[in-house]
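Structure, as structure tokens:
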Amino acid sequence: MVEKILEVKNLQVSFHTYAGEVRAVRGIDFDLDKGETLALVGESGCGKTVTAKAIMRLLKVPPAEIKKGSEIIFNGEDVLKMSKKRLSSFRGEDISMIFQDPMTSLNPTMTIGNQIMESLKIHKKLNKKEAEKEAIKLLELVNIPNAKERIKSFPHQLSGGMRQRVMIAIALSCNPKILIADEPTTALDVTIQAQILDLLKELKKEFETAIILVTHDLGVVANFADKIQVMYAGQVVERGTRDEIFYNSMHPYTWALLSSVPRLNTKGKEELYALGGTPPDLILPLKGCPFSSRCEHCMEICLEEKPEITKLSDTHSLSCWLQHPYAPKTERPAVLRGERDE
Amino acid sequence: MNNENLIEVVNLKKYFSVGKDRTLKAVDNVSFNIKKGETLGLVGESGCGKTTCGRTVLGIYQATAGHVYYNGKDIHAMNREEKLKFKKNAQMIFQDPYASLDPRMTIGDIIGEGIDVHIKLSHKERQEKIDSLLGKVGLNSEHSARFPHELSGGQRQRIGIARALAVEPEFIVCDEPISALDVSIQAQIVNLLIKLQRELGLTYLFISHDLSMVKHISDRVGVMYLGSIVELASNHDLYEKPMHPYTQALISAIPIPDPKIEDNRNRIKLEGEVPSPINTPEGCKFMKRCIHAKEICGKITPELKEVEKNHFVACHLF
């Protein structure tokens, strides 16, 4: 029986700005099992990072507000009701995060050794000597050569890939059960990206850490995720296992995302599928389906009412009116179907 | 496409001095040519000298050594008049659409600035020209009175393209024009670039680290490593049968959005990272990370050789 370690129910997050209330996350639900990798995919501004930060309670309140009715449950414990003291042990020991930009998320005035040791001293109550030993071990674990010398380096002396490894080492220092990786490889080159992804995969196997991967790169997702959740305008539009999303997705937005990436087997200079328009303004209330304004298959009802969730299998569900029995039959776009036959 | 070379780069070098006895060889002995109407892609990891190369080709940087010929004329030896003409004919699209537009100018003035310098139109003609350019890049004339902060990233990149097109260039250096944009917007911009190339017969030097996008848009692709081109071939040859060990590793590292392919792939793993480009030693620069490294690689810098027809590789294995 798989163990559920995180449950998010009806999460709603708003930001109060001068222009009005920005409803960045509009009611999303998901579960995370032990040792599983869940990918949150979508364009910038769709609420991926806000969701990740809300789980860690890292959003500044105000301007942010986690609305009433939202629930985040970690191992049976309500994260939104945690005391300050419990929160500081929760972050680090139970859950930790790798940020997008390794250049700015390390402290430039501290050696990397001290930055790793900081959390070891606080959470694991190690003394300086033990912490240093542990820090060296961690650096070796993330494949940093010459770890004994390296702990004395400052972040500016390291390359981007090395810094990201240090970030991973810090995040793993207290064996968290959940690791949130917010665009962990976006700032890196492809060869380094491959190294970091391999590293994360190994670590996942070794420690059975569950990973929430926030990304817009579908290539990374294909390689790495178990389950995928596609987000649009603060809502989940489709979710499923990796294969269900890549080979059997039914939501037009997922189709658009999948077909706008060039494939290495296309003949070149063919027109790429490009989604027109831009995502809706999140200050305004959304009537109907959030994607309706950009959707090729938009029907009258899509403008009026929010689509219900249709379940295609135990793991695969989506919200789209095309799934309604009265809706016209639509086929997956040819680019995507071609791939399935291979 | 005809066989006339629009751009010919011969042994181009661009060194930067970074303190006493320390030289950063950003572009080291690079040679290539671009035919009229063709797109040459330039790929490589950050710090490999792609951008410096593009800028030196345009004459934004003075070359340390070597020549860049535009229509047979050396751009570094042009007189004032010829240089002005070259600057009209060769334009650039920048990476960051947020930083490359002056926040205090209206869109109309940003696009019109080049027209004022190079073409000189009456007020009315200028406005008409701006409106038609906005139409060409998929915006409308309303945008010309707006300021950059009112536009989204994709719209701004369209302004960057309209600005480059305003002076009717023949050649455009696109320096990572899509890397700051969202996936769905990237596709829009790439489609626009391809469409404009067909309509206006433009020639592109397309610089990017996104290998799948480069394959999509280019006719030929050059791979750079630490300031040198290690492989240059037609895009089909380069991606189907890469020869240089670095190209092979690079191509095998591209994430493919298809789980079945991803699961059964053999990745060539590269150990370590790109070494510092300051005071690089003699010999092949890729040697330290190369699995095939031999003695000769540390002694002699490999030259770019034509191994197969139109397939150039700089490696001692061939």
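The values are calculated or read from the model by the stated rules, or taken from the named source; none is laboratory data. Since this is a predicted model, take the numbers as computed values, not measurements. Neighbour counts are summed over all protein chains in view; Cβ atoms, including those assigned to glycine, are modelled from backbone coordinates with ideal geometry. Heads up: the accessible areas ignore ligands, DNA and RNA and are worked out on the full protein's heavy atoms, side chains in. Shrake-Rupley method; radii C 1.70, N 1.55, O 1.52, S 1.80 Å.
What to note about this one:
- Residue tally, condition farther than 18 Å from A:Asp33 by Cα and in a loop (DSSP other than H, G, I, E, B), over region A:53-85: 13
- Cβ separations smaller than 7 Å between residues 6+ apart or across chains give the following pairs from region A:285-309 residues that are closer than 23 Å to A:Pro333 by Cβ to residues that are among the polar types (S, T, N, Q): A:Pro290/A:Gln235; A:His297/A:Thr330; A:Cys298/A:Ser292; A:Cys302/A:Ser292; A:Leu303/A:Ser292; A:Pro307/A:Ser319; A:Ile309/A:Ser317; A:Ile309/A:Ser319.
- If the condition is being crowded, with 19+ Cβ neighbours inside 10 Å and of a type outside the set (Ser, Thr, Tyr), then region A:16-40 contributes A:Val22, A:Arg23, A:Ala24, A:Val25, A:Arg26, A:Ile28, A:Leu32, A:Glu36, A:Leu38, A:Ala39, A:Leu40.
- Residue that is in contact (Cβ under 8 Å) with a residue 24 or more places away in the chain and β-branched (Val, Ile, Thr), where the choices are B:Ile296, B:Ile251: B:Ile251
- Count of region A:119-137 residues which are within 26 Å of the chain's Cα centre (by Cα) and open to solvent by 10 Å² or more (accessible area, probe 1.4 Å): 2
- Breaking point among (1) in contact with a Pro (Cβ under 6 Å, 6 or more places away or on another chain); (2) modelled with pLDDT under 85, for A:Met167: (2)
- Those residues of region B:129-156 which are buried (at least 19 other Cβ atoms within 10 Å of the Cβ) and assigned to a helix (DSSP H, G or I), in sequence order: B:Ile130, B:Leu133, B:Leu134, B:His143, B:Ser144, B:Pro148, B:Gly154, B:Gln155, B:Arg156
- Looking only at residues of region B:1-45 that are among the charged types (D, E, K, R), over 26 Å from B:Pro275 (Cα atoms) and at pLDDT 90 or above, we find that the one that is least open to solvent (accessible area, probe 1.4 Å) is B:Glu38.
- Of all residues in region A:28-57, those that are in contact with a helix residue (DSSP H, G or I) (Cβ under 8 Å, 6 or more places away or on another chain) and away from chain B (no Cβ under 14 Å) total 6.
- Residue in region B:255-263 that is touching a Leu at 6+ places or on another chain (Cβ under 7 Å) and open to solvent by less than 60 Å² (accessible area, probe 1.4 Å) present: yes
- Only one of the numbered conditions (1) buried (at least 23 other Cβ atoms within 10 Å of the Cβ); (2) in contact with a Lys or Arg (Cβ under 7 Å, 6 or more places away or on another chain); (3) farther than 25 Å from A:Val214 by Cα is violated by A:Gly288, and that is (1).
- Count of residues meeting criterion [under 22 Å from B:Ile207 (Cβ atoms) and of a type in the set (Gly, Ala, Ser)] in region B:138-172: 6
- Scanning region A:267-318 for residues that are β-branched (Val, Ile, Thr) and either within 13 Å of chain B (Cβ to nearest Cβ) or under 27 Å from the mean Cα position of the chain (by Cα) (or both) returns A:Thr278, A:Ile283, A:Ile309, A:Thr310, A:Thr315.
- Selection from region A:149-169 of residues that are within 14 Å of chain B (Cβ to nearest Cβ), part of a helix (DSSP H, G or I) and not polar (S, T, N, Q): A:Arg150, A:His156, A:Gly160, A:Gly161, A:Met162, A:Arg163, A:Arg165, A:Val166
- Test for B:Leu205: is it open to solvent by less than 20 Å² (accessible area, probe 1.4 Å) and assigned to a helix (DSSP H, G or I): no
- Of the residues in region B:262-285, at least one is within 19 Å of B:Gly222 (Cα to Cα) and more than 14 Å from chain A (Cβ to nearest Cβ).
- Annotation note: of A:Glu206, A:Glu183, the sole residue that is modelled with pLDDT under 85, in the same structural domain as A:Ile151 (by TED's automatic domain parsing) and within 16 Å of the chain's Cα centre (by Cα) is A:Glu183.
- Matching residues, region B:157-180, being part of a loop (DSSP other than H, G, I, E, B), surrounded by fewer than 23 Cβ atoms within 10 Å (Cβ to Cβ) and not small (Gly, Ala, Ser): B:Val167, B:Glu168, B:Pro169, B:Glu170, B:Glu176
- Residue satisfying all of: in region B:209-225; part of a loop (DSSP other than H, G, I, E, B) and open to solvent by 10 Å² or more (accessible area, probe 1.4 Å); farthest from B:Ile291 (Cα to Cα) among these: B:Asp219
- Residues that are surrounded by 14 or more Cβ atoms within 10 Å (Cβ to Cβ), touching a Gly at 6+ places or on another chain (Cβ under 7 Å) and at the interface with chain A (Cβ under 10 Å from one of its Cβ atoms) are absent from region B:294-316 altogether.
- Filtered residues of region B:227-247 (kept if part of a loop (DSSP other than H, G, I, E, B) and open to solvent by 10 Å² or more (accessible area, probe 1.4 Å)): B:Lys241, B:Pro242, B:Met243
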